[in-house]
């Protein structure tokens with residue numbers, strides 16, 4: 001069988017997410033490889049990579065992400081980070097930590113956010129970065145609902161261009177560049193993202209990640225189990241007979257199930273083999289992703 005599983009990759013700066021996928025395709029000689037959430041080239045950290053049959057499980061990974069980043073106040077750029085053109089500068093000597101703490105709560109919970117002018121968000125079938133390259137960026141960016149669970153201040157550095165280091169827990173689709181821009185706007189001085197590292201994503205943590213540089217130096221690609229990032233899903237274990245029928249596409253009863261309808265679950269046979277993803281409906285477990293078909 002060809003290579004399969006997940007790779008918890010630590011992406012370096014300067015690489016796109018697609019660059020990482022392309023490199024692993026060559027290293028593993030496997031075409032079926034995808035990633036679990038785009039990272040901008042300047043951003044480092046956790047990039048979940050799915051190999052082989054693991055690509056079918058990407059929609060079921062948890063959506064939570066954690067970032068550690070630095071916001072620089074008194075600077076506005078065309079990309080909302082340091083890679084863009086400088087648009088405006090302001091002195092931030094008057095800015096205080098207390099003002100920051102008072103402003104942060106409005107960015108918690110489900111909020112409306114506009115993506116950066118240069119981003120992968122699509123407008124009328126085209127990505128914003130493609131429009132920006134042609135000088136056709138829309139004057140009004142689309143609003144999107146995102147969720148930020150927490151923002152924790154790690155360090156505050158006052159001065160003429162003050163900087164704030166934070167840890168952010170958020171849901172998929174949240175742009176930290178937009179948060180930096182919008183927080184700076186609320187404070188009246190402008191802001192841009194100076195540095196960002198993703199420390200957790202989709203069930204993977206930076207502490208257990210493998211730097212891409214190690215793989216480039218010849219280290220073996222560590223493939224993780226197919227069900228490793230799915231521990232947030234409830235587990236259903238089927239008998240020998242029902243597991244065979246489930247793998248053939250039949251919905252099987254789940255005794256004493258208290259799971260809500262449409263809830264995705266991990267499905268195993270009596271030997272503990274991971275069979276795939278099911279969905280509960282009226283006490284039945286319907287096959288959604290069958291990894292080990294008969």
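Rule-based calculations on the coordinates, nothing more; no lab input. Values in this document were obtained by computation on a predicted structure and should not be read as measured data. Reconstructed Cβ throughout: ideal geometry from the backbone, glycine too, with neighbour counts over all protein chains shown.
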Q.
How would 288, 235 line up from fewest to most surrounding beta-carbon atoms within 10 angstrom?
A. 235, 288
Q) When ranked by the protection proxy of mean other Cβ atoms within 10 Å per residue, highest first, what sequence do the peptides 111-117, 273-279, 203-209 form? A) 273-279, 111-117, 203-209
Q: Calculate how steeply helix 176-186 sits against the longest principal axis of the alpha-carbon atoms of the chain, using the helix alpha-carbon long axis, and give the answer as 0 to 90 degrees to the nearest 10.
A: 40
Q) For the Cα atoms of the chain, what angle does the longest principal axis make with the long axis of helix 17-28, in degrees from 0 to 90, nearest 10? A) 40
Q. For the chain, what relative contact order do you get, as a whole percent, if you take Cα pairs closer than 8 Å and at least 6 residues apart?
A. 22
Q: Calculate I(q)/I(0) for the range 195-294 by the Debye formula, one identical point scatterer on each C-alpha and no solvent, and give its log10 at q = 0.23 Å⁻¹ to two decimals.
A: -1.13
Q | Per-selection metrics, the range 46-104 (Cα): Rg and Dmax in Å | A | 18.7, 55
Q. When only C-alpha pairs under 8 Å and at least 6 residues apart count, what is the relative contact order of the range 171-290, in percent?
A. 17
(Q) In Å and on Cα atoms, what radius of gyration and Dmax does the chain show? (A) 22.1, 71
Q: Find the all-direction average of the projected area of the Cα convex hull for the range 149-207, expressing the result in square nanometres with one decimal place.
A: 4.6
**Q.** Kirkwood hydrodynamic radius of the range 233-290, Cα pairs, Å
**A.** 10.8
